Every structure is written in C-alpha cells, then in structure tokens.
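What follows is a set of notes on a single structure, which appears directly below.
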Amino acid sequence: PWLITENRPFLRTLMRTMINARFQGDFTAADMIANQMLTLNPADNHGLRAEIVNRHLWAKEDTLALAIADNFPGDTMPDILYGRVLALYRSGRKEEALEAAWEAKSKRPKVAASLISSQQKEPRESSRFGIEAGGRQEAWEYREDMRKIWKETRGVLTWLKKV
C-alpha cells in the first residue's frame, strides 16, 4: 500500500513504467501494470481506476468496468460515477443504471450537462491549482475522453437527459 512509505519508490517506478508503456503504444503491458498496481495498492492513490474503467468501457467489457468501479463505493471521480452508469445501462440493468445516474448527477452534475450538450466550448481554467473537483474543466475533460462512447451507445444520452 502507498501509505507504507517504503513502498512508494517501487510504486512510483511501476507508475512510470506504465506511463512509458502507454507512450510507446504498448497498451497491453500498460494495462497489465495498471491492474498490478491496483492489486498492490487497493486504495489506488494514483487514480488508475479511472483509466482502467474507461479502457474497459471502450473495449465493451462492461462487467470488468463494473468490477473495478464497484471496488470504490462512494467514489466521486467522474470516470467511476459515469462509468458505472454507462456499464449498467449497456448491460441492460436499467434500474441500477437509474440509481447510479441519480448518484452521478447529484455528485457531479456538470459532467452530465457536458455529456448531454451537443456543442460545448472548452472552459477557461478557473483554478490556479489545477482542475477543480466538480468544476466545468473536470466535466470538459471527461466529455473529451468519453463522449464518443456515450454517443455510440444507442439512446443513453437521451435517457440521461430525462434522469
């Protein structure tokens, strides 16, 4: 775990190795390392769960995406909140998807608005300290990464708008 100080050099090295594999286009190795890091550091202090959930969604591996997301109940990362919604919806689990959508929209409403909107301008960064949790930039970033897969899922954006 990350909280054990002696583990940090190794976990940092693994993280850098994973990033390097991504830059080199070796996504198989990068995914393997990311999953290994989740096993070694189940609290996921590096936030890799978001990337792993998104990669599973792109691969249409909804069960695997849900398995990761369900390990982090109460998570407020848009990738986890909205990833659960999309995976449940595509799995035909509409009641659970509805509950997950209510939770996601209550915790990160700007993300839903950003996904639903047909056109959106990139917001100016409002925080000197990076992306503000729950802010417009965070919503924009998620939209940029994931809107295409949402659009490819028949009826989900109309459904999300009605939730």
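State the percentage of accessible surface on the chain attributable to carbon and sulfur atoms; use a 1.4 Å probe and exclude ligands, DNA and RNA.
It is 52 percent, rounded to a whole number.
Can you tell which of Thr153, Ile68, Met32 lies farthest toward the positive end of the dipole of the chain, using +1 and -1 charges on the Cβ of basic and acidic side chains (Lys, Arg; Asp, Glu)?
My answer, from the dipole projection, is Thr153.
Suppose R0 equals 25 Å; then what is the FRET efficiency for Asp26 and Glu95 from their Cβ-Cβ distance, rounded to the nearest 0.05?
So the FRET efficiency works out to roughly 0.05.
I'd like to check one number: the per residue accessible area of the chain, probe 1.4 Å, reported in Å² as a whole number.
Result: 59 Å² per residue.
Relative to the Cα centre, what is the charge dipole magnitude of the chain, using +1 at the beta carbon of each Lys and Arg, -1 at the beta carbon of each Asp and Glu, and rounding to the nearest 20 debye?
The calculation lands at about 620 debye.
Kindly report, to the nearest 10 Å², the accessible surface of Arg143 as traced by a 1.4 Å probe over protein heavy atoms only.
Looks like 20 Å² after rounding.
Can you give me the angle between helix 136-152 and the longest principal axis of the chain, using Cα atoms only, in degrees from 0 to 90, rounded to the nearest 10?
70
Heavy atoms only, 1.4 Å probe, whole protein assembly: order Arg22, Arg8 by accessible area, highest first.
Arg8, Arg22
Once the Cα atoms of helix 27-40 and of the chain are each reduced to a long axis, what angle between those two axes, in degrees from 0 to 90 to the nearest 10, is obtained?
In the chain, helix 27-40 runs at an angle near 80 degrees to the longest axis.
Rounded to the nearest 500, what is the 222 nm mean residue ellipticity of the chain from helices alone, with -39500 (n - 2.57) per DSSP H run of 4+ residues and division by all residues?
After summing the helix terms and dividing by the residues of the chain, the value is -20500 deg cm²/dmol.
The values are calculated or read from the model by the stated rules, or taken from the named source; none is laboratory data. As the structure is a prediction and not an experimental result, all values here were calculated from the model. With ideal geometry, Cβ positions are generated from the backbone for all residues, glycine too; neighbour counts draw on all protein chains shown. All accessible areas refer to the heavy atoms of the entire protein, side chains included, with ligands and DNA or RNA removed. Shrake-Rupley method; radii C 1.70, N 1.55, O 1.52, S 1.80 Å.
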